Structures are given as structure tokens and as C-alpha cells.
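Beneath this line is the structure, given in C-alpha cells, with notes to follow.
The values are calculated or read from the model by the stated rules, or taken from the named source; none is laboratory data. A quick note: this is a predicted structure, and the numbers were derived from the prediction, not measured. Heads up, the Cβs are rebuilt from the backbone with ideal geometry, glycines too, and the neighbour counts pull from every protein chain shown.
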Amino acid sequence: MASTRDVVGIILSGSTTTEATCQLLESAERGGIKEGMLLLVESQGRKLLARVAQIVPYNAFYTEGDPWSEARRKGLPIPEDVARKYEVCKLDLLIEIPRSEIRSPPQPGDEVLRIDPTSHQKDIFGVSVGDPKHVWIGTLSGYERSSVPIPLNVENIPMHMAIFGVTGSGKSFTAGALIEKLAEVPVKKNTSVSYPMIVVDAHGDYTDYVTYVAKGKKLGHIGWIKRYVFPNAFVRTDIRELGKLVQPIGINLDLISQRELAEIIILFYKGTLEGAELQVDGLDALFNHMRAKGYSSVQDLFIHYFDDLVEDGLEKLAKEINMHSSTKGAVSRALRSFKAIEDEHKLLSTKSDLKDAKISSRGDIEEVNFVEQITREGGLAIFDFSADGAPGVDLKTKQFVMTYLATLLFEQFTRYKMKKEDRYLLFIIEEAQNFCPDKSYPVGSSLAHTKLSAIATQGRKFGLSLCLISQRPSFVDRIVLSMCNTFLIHRVSPEDVGFVRSISGGLPPSLVPRLTTMSTGDVIVTGQMVTVPFPLVIHILESDRKVKPTVGKTNVCETLAKLRGV
């Protein structure tokens, strides 16, 4: 893998099976070796892969209290040429090549060699560029001038993943790069396909993909792409000009089980189900009562027969079953509160392909058309929850749409599993703390929490996987996050460092200080999708994105000058 011409350092005393220190040769000093680079330690016939964790330069004439202190104080020249100086390199020991655990430390005097990761992909990562089932992304830290991408194993996407990072750290750019890579997954030689994806876009970071395709360009092997907006946005001319690439969000309540719908309506009204059992039971009984009277569709009750539901149906039911007046009042208020999704947002009456399903002769749901199409055709659906795609829509209503989506996905994938039919989909959720929040997050409860928890705990069994994106990971439900097995960690806030370390399964001590200081685009990648048993530090390159995002770009100075006529 290397020759004597590649020697860059010598191992010093004090090594363990996880860490070592080497003194760099003069030829490798002053930037010849950089933090993040991979090196090779040759020890007793073994080849140990190491990562440069820290470089510390020493100079005997520049130490605190040395004989040259007064000369420096007076600004006099110092004879540096005769000083004892050297650079020490701290190493994280990673694996013994070929890909086994290091069980004994290197010895003092062992040689440290430079290794070219692009020439030894198979030795390091176990796969090479072009190998099926893997996509390659970013460049290893320390190699920014030459691309040294890392592989991600697509077969492990169902194990769920998470992307963390404060605002401006590059997490949405990374998510976009991942989307583009998954649009071209090599399945065999000269053949690639798209991984089906749904993106819940909180800030419009991914709508540029729709504009890109609208210009006649192709995004990998994606079968189709659609941007879903709320009905109040769909009426705008600029939206409608994009034609079939933009569709309205619509809800079909009949695709949600009656009991679940009763719980959702009460939760929508109260924000919690604690102490609301009688109200849920009463609402469930009301739906049964209306069905017995010939109203076969809950959807129609809310669109066309709401007065019949509340003023006639509820009143008669309350008398029949001796419903307490406080329970009846709460059920009535919950129904009127929930009606806002139609009165204010037209989510029920709007025609949408999200409402279509194949129903059996017995009235059972056999297939949700939207889920069938996106999984079979490798589609990309972007749900625009930004101010542009969801004007005036409150968080509670967005949570309900998320609940509806999660329900359609979970139930349809359950049907696929029962039919022994394999399907796969990646459900990418921006601002995940708004939809599956931890109890410490001030947003309170979330309508979607239960279904997202079900996907997190059971979805991996049948190919439905989550990608949770958050700027405050400690505000995301810990149980849901504990189900994630791949993490892409950008710069995080100091308050989240301990949580990130624990939820990701631990990080080497050398990487922990970087969690709060990494530059934009730098990311620590660790977990099941990584083909090596240790975290990798990479930088996401501009070239990783064909479609450059336009959201968030500013032109402050030029705009101010224009406004003032200067």
C-alpha cells in the first residue's frame, strides 16, 4: 500500500490501541500533513490505519520562561536556525487493515506512512467507486484540495438517520446533496435507480429541485418530482405556472381509522389526550351513530353535513347514552376547532392526489395511490411547509398534515409487509423537533408524534425509514432518535454536545471539541451507513449539488445602496 518514499513520521512512546503520537519528518512539517488526513502505521508486519487528530509544533526558543524571553520582549532577532524544533502528530488509531480491530499498540520507532485514500478505497472502505449499493459523498477532512469522497451503504437506509446542525452549518445543503446522490443509486454495472423520497420542507430549501426540472433538466433517475403546497398557495399564478409539478395538499379523513381520527381531533383541540378518554369515546360513538343513520363518509360530514353532525347527531347521541354535558360540550368544541382545517385552509374539499385510494368491495383500503406511485416509480415529493407554500398555516395544522402523511405511509407499508411485497421510502423531515418533540421542547405535544414513533420503531422492518433534520437535536424525542443508526453531525450548539455524543453512540475524544467549531459544510458521519467502524469527518463540496439552493441568499449592501440611490 505504500513505499519507503511515503514515510512521514516515527511513532513515539506512549501508544495505546486507540491513540498514538508520532514525530513528523522535516519533509512533512509545516502543512505537509493536515488534521483529518489518513496515515498508515507499519508495526511488526501489521498495517494500522490512523487519522491525524492534532498537530503540535515545538520550538525550544519559543517556550514560556526560556532564555530568549528578554530578547523577544525587546524585539531583538533570535537565531532560530540553531533552535531545537519539531512537530508532533497526535493520531487516532482506527482499524488494522484489512478491516479488523487493533488488539496491540504500535511500538516506538514504527514508521508512519502517507496513504492515498483514492488509490486504496477497497482497503480502507471495503468498496470502490462504482460498486453497487453505495453512493459517494463529500471529501475527507484534510483533503479539501482534492476530492476524497466516502461511501454510504444504501442497504442500511431503513435503519433511519439523523442530520444535526445549527442554522448556517450546512445541514440543509448536506440533505440536498444526499437527495441528489440517492437519485442515482447504482444497482449493477451501468444501471442506477432513484430511491423514493418524501421531503417535508420547512423553509423552502428544496423547492429549487422543482424549478430545475421545470426547465427541462433531469435530476438523476427520479421517476417524477412534485411540490405539494397548501390550497391557499396553489391558487397563486406563479405556482400554477409550474403545471403538474406543483400539486395541492388535500386530506381524505376516510383514509384514517375512525378511532385514530377521534384521538387526532381531540388532540388537535386540547393538545393532549391525558384525561380525555371520555371525549375520545364520545366522538368515536358519534361517528358510529352517524354511520348508522346513513352517513357513510366522515369526510362528507365535515364538508357537507357538519350541522347534522354537531347540532343533530351529537344532541341525539348525548340523550341516548346519557353523555355528560361537559363531555358533550368538549366534543362539540373539538369538532368546531378541527373544522378550521377546512374553513381556513380548504384541506378537505380541495382535489388532490393525496386523497385517492383503491377500496375493496368490502370497503377496506387496499392501496393508497400516492404511496404506490412514489415507491414504484422512484418519485420525489416535496411538501412545502415554508411561508411560500403554506401562507398563514399554523404549526398545529402542519402537524395534522404530517400526521396524515405518516398514517398513509405506515398503514400502506404495513399492507405491503402483509402481502410480502418489498417497498422502500425515505421520509425526510426538516425541523423534526416540531413534529416529534421531546417533553422539554416548548412546542408542547405534536399530533404526529405517535405515528412518527411507530415508524421509528417498526418502519425499518418493512422499508419505511426516517431522516430527521434538526438544529436542536436535544429537543427531538429521545426514543425516536434512539432508533436512528446513522448520524450526520454538523456544528451544534454547546447545549447539545452531551446529547449528541450520547445519542450517536459516542465519539472519539479528539472529535468532541470540533462539535461546536466546525466550519460550514464540515460534518461528522457515523453509524450503519458508513462502511467503516469509526466516525469519518468530511466536507460537503459545492460539486455534491447539481442544483444550487437559492433560499437564504442575501444581497444586503447592494439592496441598501439601491434604496438610497447610491
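Just to verify a result, which residue in the range 113-145, among those that are over 15 Å from residue 52 (Cα atoms) and aromatic (Phe, Trp, Tyr), is farthest from the chain's Cα centre (by Cα)?
Among those that are over 15 Å from residue 52 (Cα atoms) and aromatic (Phe, Trp, Tyr), it is 125.
I'm checking my understanding of the structure. Among residues of the range 168-182 that are under 14 Å from the mean Cα position of the chain (by Cα) and part of a loop (DSSP other than H, G, I, E, B), which one is farthest from residue 464 (Cα to Cα)?
For the range 168-182, the residue satisfying everything is 169.
So is residue 35 modelled with pLDDT under 95 and either assigned to a strand (DSSP E or B) or outside the structural domain of residue 513 (by TED's automatic domain parsing) (or both) or not? Walk me through how you get there before you give the answer.
Working: modelled with pLDDT under 95: yes; either assigned to a strand (DSSP E or B) or outside the structural domain of residue 513 (by TED's automatic domain parsing) (or both): yes.
So residue 35 passes the test.
Name every residue in the range 183-199 that is in contact with a strand residue (DSSP E or B) (Cβ under 6 Å, 6 or more places away or on another chain), under 19 Å from residue 127 (Cα atoms) and assigned to a loop (DSSP other than H, G, I, E, B), in order of residue number.
The answer is 184, and nothing else.
Restricting attention to the range 321-340, report how many residues are touching a residue at least 24 places away in the same chain (Cβ under 8 Å) and farther than 29 Å from residue 401 by Cα. Outline the logic, then answer.
First pass over the range 321-340, keeping only residues touching a residue at least 24 places away in the same chain (Cβ under 8 Å): 321, 323-324, 327-328, 330-331, 333-340.
Checking which are farther than 29 Å from residue 401 by Cα leaves us with 321, 323-324.
Number of matching residues: 3.
Answer yes or no as to whether residue 102 is of a type in the set (Val, Ile, Thr), surrounded by 15 or more Cβ atoms within 10 Å (Cβ to Cβ) and part of a strand (DSSP E or B).
Details: of a type in the set (Val, Ile, Thr): yes; surrounded by 15 or more Cβ atoms within 10 Å (Cβ to Cβ): yes; part of a strand (DSSP E or B): no.
When the stated conditions are applied, residue 102 does not pass them.
Among the residues of the range 497-533, count how many are under 17 Å from residue 156 (Cβ atoms), of a type outside the set (Val, Ile, Thr) and modelled with pLDDT of 95 or more.
Residues that pass the stated criteria total 3.
Confirm whether residue 417 is more than 19 Å from the chain's Cα centre (by Cα), part of a helix (DSSP H, G or I) and within 26 Å of residue 478 (Cβ to Cβ).
Values: more than 19 Å from the chain's Cα centre (by Cα): yes; part of a helix (DSSP H, G or I): yes; within 26 Å of residue 478 (Cβ to Cβ): no.
Answer is no for this residue.
Any chance the range 259-277 includes a residue that's more than 20 Å from residue 329 (Cα to Cα), of a type in the set (Lys, Arg) and modelled with pLDDT under 95? Can you show your working first?
Taking the range 259-277 first, the residues more than 20 Å from residue 329 (Cα to Cα) are 260.
Cutting the leftovers down to of a type in the set (Lys, Arg) gives us none.
Scanning the range 259-277, I find no residue that is more than 20 Å from residue 329 (Cα to Cα), of a type in the set (Lys, Arg) and modelled with pLDDT under 95, so the answer is no.
Mind counting the residues in the range 262-283 that are surrounded by fewer than 17 Cβ atoms within 10 Å (Cβ to Cβ) and either under 36 Å from the mean Cα position of the chain (by Cα) or closer than 15 Å to residue 400 by Cβ (or both)?
Selection size over the range 262-283: 6.
Starting from residues that are small (Gly, Ala, Ser) and surrounded by 14 or more Cβ atoms within 10 Å (Cβ to Cβ), keep the ones in the range 520-566 and report whichever is farthest from residue 493 (Cα to Cα).
The first filter runs over the range 520-566 and keeps only residues small (Gly, Ala, Ser), leaving 521, 527, 543, 552, 561, 565.
Keeping just the survivors that are surrounded by 14 or more Cβ atoms within 10 Å (Cβ to Cβ) gives 521, 527.
Working: 521: 16, 527: 21 Å.
Taking the candidates together, the pick is 527.
Going residue by residue through the range 285-299, is there one that turns out to be under 28 Å from residue 413 (Cβ atoms), surrounded by 15 or more Cβ atoms within 10 Å (Cβ to Cβ), of a type in the set (D, E, K, R) and not assigned by TED's automatic domain parsing to the domain that holds residue 425?
For the range 285-299, residues under 28 Å from residue 413 (Cβ atoms), surrounded by 15 or more Cβ atoms within 10 Å (Cβ to Cβ), of a type in the set (D, E, K, R) and not assigned by TED's automatic domain parsing to the domain that holds residue 425: absent.
Tally the residues that are of a type in the set (Asp, Glu), in a loop (DSSP other than H, G, I, E, B) and in contact (Cβ under 8 Å) with a residue 24 or more places away in the chain, restricting the search to the range 357-396.
Within the range 357-396, the subset of a type in the set (Asp, Glu) is 364, 366-367, 372, 377, 384, 388, 394.
Remaining after also requiring in a loop (DSSP other than H, G, I, E, B): 364, 388, 394.
When the remaining residues are screened for being in contact (Cβ under 8 Å) with a residue 24 or more places away in the chain, the result is 388.
Number satisfying all stated conditions: 1.
So, residue 111, is that one acidic (Asp, Glu), touching an Asp or Glu at 6+ places or on another chain (Cβ under 8 Å) and in contact (Cβ under 8 Å) with a residue 40 or more places away in the chain or not? Break it down stepwise before answering.
On the way: acidic (Asp, Glu): yes; touching an Asp or Glu at 6+ places or on another chain (Cβ under 8 Å): yes; in contact (Cβ under 8 Å) with a residue 40 or more places away in the chain: yes.
Taking the combined requirement at face value, the residue satisfies it.
Which of the residues belonging to the range 266-279 are in a helix (DSSP H, G or I) and under 23 Å from residue 439 (Cα atoms)? Talk me through it step by step, then tell me what you get.
Quick first cut of the range 266-279, residues in a helix (DSSP H, G or I) only: 266-270, 277-279.
Matches in the range 266-279: 266, 267, 268, 269, 270, 277.
Kindly indicate the residue of the range 427-482 that is touching a residue at least 60 places away in the same chain (Cβ under 8 Å), in contact with a Gly (Cβ under 8 Å, 6 or more places away or on another chain) and not hydrophobic (A, V, I, L, M, F, W, C) and also surrounded by the most Cβ atoms within 10 Å (Cβ to Cβ) among those meeting that condition.
Looking at the filtered set, the residue picked out is 465.
Is one or more of the residues making up the range 296-316 touching a residue at least 24 places away in the same chain (Cβ under 8 Å), among the acidic types (Asp, Glu) and not in a loop (DSSP other than H, G, I, E, B)?
no
Run residue 372 past the list (1) assigned by TED's automatic domain parsing to the domain that holds residue 311; (2) at pLDDT 95 or above; (3) not small (Gly, Ala, Ser) and report the number of the one that doesn't hold.
(1)
Do you know which residues across the range 79-94 are crowded, with 18+ Cβ neighbours inside 10 Å and either closer than 20 Å to residue 123 by Cα or of a type in the set (D, E, K, R) (or both)?
Result: 87, 91, 92, 93, 94.
Just checking, does the range 229-242 include any residue being of a type in the set (Asp, Glu) and under 19 Å from the mean Cα position of the chain (by Cα)? So that I can check it myself, show each step before the final result.
In the first step, residues of the range 229-242 are kept if they are of a type in the set (Asp, Glu); the result is 238, 241.
Applying the additional criterion that residues be under 19 Å from the mean Cα position of the chain (by Cα) yields none.
No, every residue in the range 229-242 fails to be of a type in the set (Asp, Glu) and under 19 Å from the mean Cα position of the chain (by Cα).
Does residue 361 satisfy being of a type in the set (S, T, N, Q) and touching a His at 6+ places or on another chain (Cβ under 7 Å)? Explain how you work it out, then say what you get.
Working: of a type in the set (S, T, N, Q): yes; touching a His at 6+ places or on another chain (Cβ under 7 Å): no.
Considered against the rule, which asks whether it is of a type in the set (S, T, N, Q) and touching a His at 6+ places or on another chain (Cβ under 7 Å), residue 361 comes out as no.
In the range 200-215, which residues are assigned to a loop (DSSP other than H, G, I, E, B) and of a type outside the set (A, V, I, L, M)? Don't jump to the end; show me each part of the working.
Restricting attention to the range 200-215, the residues satisfying the condition of being assigned to a loop (DSSP other than H, G, I, E, B) are 202-207, 215.
Residues satisfying the conditions are 203, 204, 205, 206, 207, 215.
List the strands (runs of 3 or more DSSP E) inside the range 123-164, counting only whole elements, that have at least 3 residues being touching a residue at least 60 places away in the same chain (Cβ under 8 Å) and surrounded by 22 or more Cβ atoms within 10 Å (Cβ to Cβ).
Numbers: elements: 134-137, 150-153, 161-164.
In the range 123-164, 150-153, 161-164 are the strands (runs of 3 or more DSSP E) which contain 3 or more residues that are touching a residue at least 60 places away in the same chain (Cβ under 8 Å) and surrounded by 22 or more Cβ atoms within 10 Å (Cβ to Cβ).
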